[in-house]
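Report on the structure given below.
The values are calculated or read from the model by the stated rules, or taken from the named source; none is laboratory data. Values in this document were obtained by computation on a predicted structure and should not be read as measured data. Using ideal geometry, Cβ is built from the backbone for each residue, glycine included, and neighbour counts are taken over all protein chains shown.
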Amino acid sequence: MKRGGRKPPMRSKRDRQISIVFEDSDMLVASKPSGLLSVPIPKMQSANLLEALNEELSVHNEKAITVHRIDRFTSGLVVFAKNSLAHKNLVKQFLSHTPKRTYLSLVRGVIPEDDGELIHYMKKISTGFRNIVVPPDDPEGAMARLTFKVLERHAETSLVQINLDTGLKNQIRVQFAEYGHPLVGDRHYAPAEIEEEMIDRQALHSWKLELIHPKNGKTMEFEADLPSDLRRVIQFYKAKK
C-alpha cells in the first residue's frame, strides 16, 4: 500500500513536548520534538523552539540565544546560551567542531562495514532548498566529515551511531544518501522513501552531546531519550525477516 493511502504514524503526546535536559544561568539544553523548527525562519509563522523557550524564560527576565540548530524533522538535543559571554564561548566551540555530537539513525540497506568515515564536499542550491555533493575542487564546496558505527543490522536496514565532525545543513542525510544508505523516511533526499509507512520523517535523532561548560570549564554530557516513532520503526525492521 502506498503512503498516501494511510494516515501518518501517530506519535505520543510526550513526543510532541519540549523537554529541558539541563539549565543553569549560562546555558540551556533542550530535547526538541520532531516537526518543530529550532529557530524562526524569515516570513514563516511556524512554531519554533527558540520562541517557545523565550516565552517561558521571559517570566524570569531571561532569554535563550541560538548557538546551533538541527533540522525541523530531526528530534533531540539543541543547545542555547543564556547570556552574551556564554553565547560567545559556545558558538566558538561549535565553530571549531569541538563538541562531540552523536546522532542515532536508521538507514536503508545493510551496511557491511562495522564502522567508517564519510568525507564529501557539499554546497547549497536554491532548487529544492538542499545541499548536494560536488567534486572536491568545486570552489563553492565545503568539506563534510562524519564517522559512524553500526549498532545493529536488520534484514533491510542498519541502525547506526553517527558522530559529526562538521555541521553542514542536512549533512548526515546528504552523506548517507550519497553513500547508498539513505535515512529511512527521508523523502527529501531519497524520493522512494515516500513508500515508508512506519515513520513520517527522517529517522534521525540528536542523541548525545558532550561539550565544555562556558563558565566553569567542566566537561558536560547530555542525552535525549528516543521518541516513540523512532523506537517503533527500529523495532519493526528489527523484527522483519
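Here are the numbers:
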read-out: Condition met for residue 194 (surrounded by 15 or more Cβ atoms within 10 Å (Cβ to Cβ) and either closer than 25 Å to residue 18 by Cβ or of a type in the set (A, V, I, L, M) (or both)); value: no
read-out: Selection within the stretch 80-93 - surrounded by fewer than 20 Cβ atoms within 10 Å (Cβ to Cβ), closer than 19 Å to residue 63 by Cβ and within 20 Å of the chain's Cα centre (by Cα); value: 91
read-out: Some residue of the stretch 139-158 being of a type in the set (D, E, K, R) and over 26 Å from residue 230 (Cα atoms); value: yes
read-out: Qualifying residue in the stretch 52-64 (condition: under 28 Å from residue 184 (Cα atoms) and either over 14 Å from the mean Cα position of the chain (by Cα) or β-branched (Val, Ile, Thr) (or both)); value: no
read-out: Residue within the stretch 46-68 that is modelled with pLDDT of 95 or more, of a type in the set (A, V, I, L, M), in a loop (DSSP other than H, G, I, E, B) and buried (at least 20 other Cβ atoms within 10 Å of the Cβ) present; value: yes
read-out: Residue within the stretch 168-188 that is among the hydrophobic types (A, V, I, L, M, F, W, C) and within 16 Å of residue 233 (Cα to Cα) present; value: yes
read-out: Selection status of residue 132, of a type outside the set (Phe, Trp, Tyr) and modelled with pLDDT under 95; value: yes
read-out: Residue count, the stretch 109-150 (criterion: touching a residue at least 24 places away in the same chain (Cβ under 8 Å), hydrophobic (A, V, I, L, M, F, W, C) and loosely packed, with under 14 Cβ neighbours inside 10 Å); value: 3
read-out: The lone exception for residue 161 - which of (1) farther than 19 Å from residue 236 by Cα; (2) crowded, with 16+ Cβ neighbours inside 10 Å; (3) of a type outside the set (Phe, Trp, Tyr); (4) touching a residue at least 24 places away in the same chain (Cβ under 8 Å) it fails; value: (1)
read-out: Cβ-Cβ under 6 Å pairs, at least 6 apart or on other chains, the stretch 171-187 side under 16 Å from residue 75 (Cα atoms) and without any contact (Cβ under 8 Å) to a residue 24 or more places away in the chain, far side among the charged types (D, E, K, R) and not in a loop (DSSP other than H, G, I, E, B); value: 186/173; 186/193
read-out: The stretch 187-241: number of residues that are in contact with a Leu (Cβ under 7 Å, 6 or more places away or on another chain), outside any loop (DSSP other than H, G, I, E, B) and of a type in the set (S, T, N, Q); value: 1
read-out: Residue that is out of contact with any Phe, Trp or Tyr (no Cβ under 6 Å at 6 or more places or on another chain) and within 21 Å of residue 21 (Cα to Cα), where the choices are 90, 106, 146; value: 90
